[in-house]
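Following: one structure in structure tokens, then a few remarks.
The values are calculated or read from the model by the stated rules, or taken from the named source; none is laboratory data. All values derive from a computational prediction rather than experimental measurement. Every residue, glycine as well, gets a Cβ built from its backbone with ideal geometry; the counts of neighbours run over all protein chains shown. The area values use the complete protein model at the heavy-atom level, side chains included, leaving out ligands, DNA and RNA. Shrake-Rupley method; radii C 1.70, N 1.55, O 1.52, S 1.80 Å.
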Amino acid sequence: MRATTQNSLTQLTTLPYFFPVNCYLVTDGDFLTLIDTALPMSANKILKHIAATGLPLRYIILTHAHGDHIGSLQAIIEAYPDAEVMISDRELQLIKKPEAYAFEAQKPIKGSYPKVFPVEATKIIGEGDMIGSLSVIETPGHTPGSISFLDNRTRAIIVGDLIQTQGGIAIAGDTRPLFPFPTMGTWDLETGIASTEKILLHHPSLLAVGHGRMVPEPTLPLEQALTRAKKRLQ
């Protein structure tokens with residue numbers, strides 16, 4: 001597992017050279033927040049990184065519920081049973097009652113949703129909620145219930161699979177030939193374009209994604225990704 005730290009944000013990457021899957025540890029004063037939990041095989045190394053900080057894990061928050069983002073959730077909550085688990089209402093409802101055609105775009109959901117959410121969600125979160133220093137931003141596109149997290153101290157933004165940087169920066173649904181996998185699990189590109197425009201309104205200083213390296217000062221590359229994605233729609 002590769003660990004890369006930018007200020008208070010540490011990116012933990014499973015299979016960094018073959019199929020990079022990221023989760024993130026946010027140091028927030030005297031506690032930690034874990035964003036996503038990667039693959040089942042990631043659990044032990046994530047737990048080692050948490051233990052090495054000497055800080056308690058207070059929150060586990062999820063950008064969405066695909067298997068490569070909740071894979072280690074059960075193992076981590078067994079190690080930290082007092083940690084609160086948070087997810088958006090839409091994602092949880094899609095697990096409890098899958099819809100043939102989902103929400104505004106009326107397109108089938110895709111990707112590796114579990115049949116049952118592996119643990120009990122402590123809290124449902126949505127637009128404007130705060131988890132420590134992190135603000136919740138609703139950013140559907142890759143999935144109907146995808147959410148992002150903005151660190152109000154640093155303006156770093158963690159967007160899950162709304163955007164990828166592996167294989168070239170792109171909005172999920174705008175296929176990158178060198179890493180096409182996010183598109184395979186994407187619900188609706190047009191909704192993702194709107195969410196990316198929303199992300200830009202927050203003037204992020206750092207972009208952190210589910211697949212690929214972090215990007216500092218991401219405004220220009222995000223604008224370029226938007227232009228390319230809009231052309232694909234046309």
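Only beta bridges with both residues in region 1-134 are counted; by DSSP, about 65 percent of them are antiparallel. Which shape class applies to region 79-201: rounded if a/c is under 1.5, otherwise prolate when a/b exceeds b/c and oblate if not, where a ≥ b ≥ c are the square roots of the Cα gyration tensor eigenvalues? It is oblate, given that a/c is not under 1.5 and a/b is not larger than b/c. Name the most mobile residue of Leu220, Leu207, Leu25, meaning the one with the largest mean-square fluctuation, in a Gaussian network model of the chain with Cα contacts below 10 Å. For the chain, modelled as a Gaussian network with Cα springs under 10 Å, the answer is Leu220.
With the cut-off at 1.5 for a/c, could you classify region 152-234 from its C-alpha gyration tensor as rounded, prolate or oblate? Don't skip to the answer; put the middle values down first.
Numbers: a/c = 1.78, a/b = 1.39, b/c = 1.28.
Since a/c reaches 1.5 and a/b is larger than b/c, the shape of region 152-234 is classed as prolate.
Rg over Rh for region 30-142 works out to 0.98, both radii taken from alpha-carbon positions and Rh defined as the Kirkwood radius. Taking every DSSP beta bridge that has both ends in the chain, the antiparallel portion is near 70%. One way to sum up the overall shape of region 15-60 is the equivalent ellipsoid from its Cα gyration tensor, whose semi-axes run 21, 10, 9 Å, largest first.
At a 1.4 Å probe radius, carbon and sulfur cover how many percent of the accessible area of region 1-124?
Values: 3210 of 5990 Å².
The value for region 1-124 is 54 percent carbon and sulfur by accessible area.
Placing +1 on the Cβ of every Lys and Arg and -1 on the Cβ of every Asp and Glu, with nothing else charged, gives the chain a dipole about its Cα centre of roughly 640 debye. Among the listed options [x] 25; [y] 52; [z] 45, the one matching percent of Cα pairs over 27 Å apart as calculated from these coordinates is [x]. Build a GNM of the chain with springs between Cα atoms under 10 Å apart, and of Ile70, Ile60, Ile50 the one that fluctuates most is Ile50.
Pick from Asp28, Asp82, Asp161: which residue has the top mean-square fluctuation in a GNM of the chain where Cα pairs under 10 Å get a spring? Evaluated over the chain, the most mobile residue of the options is Asp82. Dipole orientation for the chain: of the candidates Phe19, Ile61, Pro216, Phe19 has the Cα lying most toward the positive pole (charges on Cβ; Lys, Arg +1; Asp, Glu -1).
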